[in-house]
Amino acid sequence: MRTLVHLSDLHFGRVNQAIVRPLLERSWAIGPHLVVISGDLTQRARAAEFREARAFLDALPSPRIVVPGNHDVPLYNVLDRFFRPLDRYREHITEDLSPFHVDGEIAVLGLNTARSLTIKGGRINRRQIEGIQERMCGLGPEITKIVVTHHPFDLPEGSPHAVVGRARQAMAAIAACGVDVILSGHLHLSHTGHSAERFEVGGRSSLIIQAGTATSTRGRGEQNAFNVIRIGGKNIDIERHFWQPEGGLFGIASAEHFEETPRGWVRAA
Ligand SMILES: [Fe+2]
Ligand SMILES: [Fe+2]
């Protein structure tokens with residue numbers, strides 16, 4: 001059994017400060033084996049924002065898998081944007097842009113989908129798709145395989161956003177290597193989808209799990225939220241923890257249960 005705390009879209013620089021301490025306390029109380037942060041650590045990729053994000057990360061349980069988001073690339077400084085897009089992220093957060101965690105039960109690979117050329121959108125490149133194959137294809141079926149990106153592979157109904165660029169090619173590699181779960185953010189909305197509903201994936205469906213924004217003041221109609229994902233062999237449970245401002249704490253608002261079948265992951269009763 002493995003427990004993951006999945007946070008996303010922290011957006012230091014535009015954070016509801018009342019949430020930070022309760023979120024840290026809740027994360028420690030859950031006692032995760034791994035914390036995943038799926039990008040947008042800052043609002044405008046400023047050094048001061050990265051320092052705040054760094055302090056927050058250091059106060060979380062570890063180990064951690066962190067990937068950058070589009071907000072972690074400078075927007076207005078064109079030189080920084082095109083020639084040093086992730087310098088501040090690398091200085092303050094991590095040099096590793098494809099972090100990997102593997103133990104006896106889970107393998108988790110983070111990929112950077114933030115790009116200089118697109119303001120909001122993201123992309124996976126060929127090298128990263130090869131990285132999924134190198135890291136994941138050789139692992140046995142007893143290991144639950146998880147890929148982490150900022151930009152999503154699936155969207156809630158009616159979403160104006162686009163899925164990550166080259167999603168179709170990446171999904172082919174993901175399906176071929178038996179990747180079980182994709183964790184993303186960016187939408188500031190909690191959502192769970194199945195790859196088989198959006199992609200032709202050879203009859204095997206991965207879970208596509210979005211986390212809302214953990215701490216940003218831009219909730220897009222949803223309270224601040226994060227996911228707790230419990231993985232036990234052929235079972236995955238997803239709890240959505242939503243901020244309750246009146247109580248000043250996070251509460252579990254919903255739980256979903258999934259089972260692994262020959263067709264991949266399906267929702268269970
Ligand atoms: Fe965001
Ligand atoms: Fe984003």
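The values are calculated or read from the model by the stated rules, or taken from the named source; none is laboratory data. Given the structure is predicted, the values throughout are model-derived calculations rather than measurements. Virtual Cβ from ideal backbone geometry, glycine too; neighbours counted across all protein chains shown.
Among the residues of region 141-156, is there at least one that is surrounded by fewer than 21 Cβ atoms within 10 Å (Cβ to Cβ), farther than 30 Å from residue 58 by Cα, out of contact with any helix residue (DSSP H, G or I) (no Cβ under 9 Å at 6 or more places or on another chain) and not acidic (Asp, Glu)?
yes
Could you say whether any residue in region 191-210 is within 21 Å of residue 21 (Cα to Cα) and either among the polar types (S, T, N, Q) or touching a residue at least 12 places away in the same chain (Cβ under 8 Å) (or both)?
Within region 191-210, not a single residue is within 21 Å of residue 21 (Cα to Cα) and either among the polar types (S, T, N, Q) or touching a residue at least 12 places away in the same chain (Cβ under 8 Å) (or both).
Any chance you could count how many residues in region 71-83 are within 19 Å of the chain's Cα centre (by Cα) and either at pLDDT 95 or above or surrounded by fewer than 16 Cβ atoms within 10 Å (Cβ to Cβ) (or both)?
Going through region 71-83 one residue at a time, the tally reaches 2.
Of the residues that sit in region 5-18 and are surrounded by fewer than 24 Cβ atoms within 10 Å (Cβ to Cβ) and touching a residue at least 60 places away in the same chain (Cβ under 8 Å), which one is farthest from residue 53 (Cα to Cα)?
Here the residue is 18.
Run residue 169 past the list (1) surrounded by fewer than 18 Cβ atoms within 10 Å (Cβ to Cβ); (2) of a type in the set (S, T, N, Q); (3) within 14 Å of ligand 1 (Cβ to nearest atom) and report the number of the one that doesn't hold.
Among (1) surrounded by fewer than 18 Cβ atoms within 10 Å (Cβ to Cβ); (2) of a type in the set (S, T, N, Q); (3) within 14 Å of ligand 1 (Cβ to nearest atom), the lone unmet condition for residue 169 is (3).
Looking only at region 61-70, decide whether some residue is within 16 Å of ligand 2 (Cβ to nearest atom) and more than 15 Å from the chain's Cα centre (by Cα).
There is no residue in region 61-70 that is within 16 Å of ligand 2 (Cβ to nearest atom) and more than 15 Å from the chain's Cα centre (by Cα).
Can you name the residue in region 5-32 that is assigned to a loop (DSSP other than H, G, I, E, B) and within 20 Å of residue 94 (Cα to Cα) and, of all such residues, is nearest to ligand 1 (Cβ to nearest atom)?
9
Kindly check whether there is at least one residue in region 215-229 that is in contact (Cβ under 8 Å) with a residue 24 or more places away in the chain, away from ligand 1 (no atom under 16 Å from the Cβ) and closer than 20 Å to residue 28 by Cα.
Checked against the condition, which is being in contact (Cβ under 8 Å) with a residue 24 or more places away in the chain, away from ligand 1 (no atom under 16 Å from the Cβ) and closer than 20 Å to residue 28 by Cα, region 215-229 yields at least one hit.
Considering only residues of region 176-229 that are modelled with pLDDT of 95 or more, closer than 23 Å to residue 133 by Cα and among the small types (Gly, Ala, Ser), which is farthest from the chain's Cα centre (by Cα)?
Within region 176-229, the match that is farthest from the chain's Cα centre (by Cα) is 185.
Can you report the number of residues in region 1-22 which are more than 23 Å from residue 182 (Cβ to Cβ) and more than 16 Å from ligand 2 (Cβ to nearest atom)?
The total comes to 7.
Which strands (runs of 3 or more DSSP E) sit wholly inside region 177-269 and have at least 3 residues that are surrounded by fewer than 17 Cβ atoms within 10 Å (Cβ to Cβ)?
It comes to 235-244, 249-261.
Starting from residues that are more than 11 Å from ligand 2 (Cβ to nearest atom) and not in a loop (DSSP other than H, G, I, E, B), keep the ones in region 36-49 and report whichever is surrounded by the most Cβ atoms within 10 Å (Cβ to Cβ).
37
Starting from region 94-121, take each residue that is closer than 17 Å to residue 80 by Cα and list its partners that are within 16 Å of ligand 2 (Cβ to nearest atom) and polar (S, T, N, Q), counting only C-beta distances under 6 angstrom and pairs at least six apart or across chains.
What qualifies is 114/70; 120/70.
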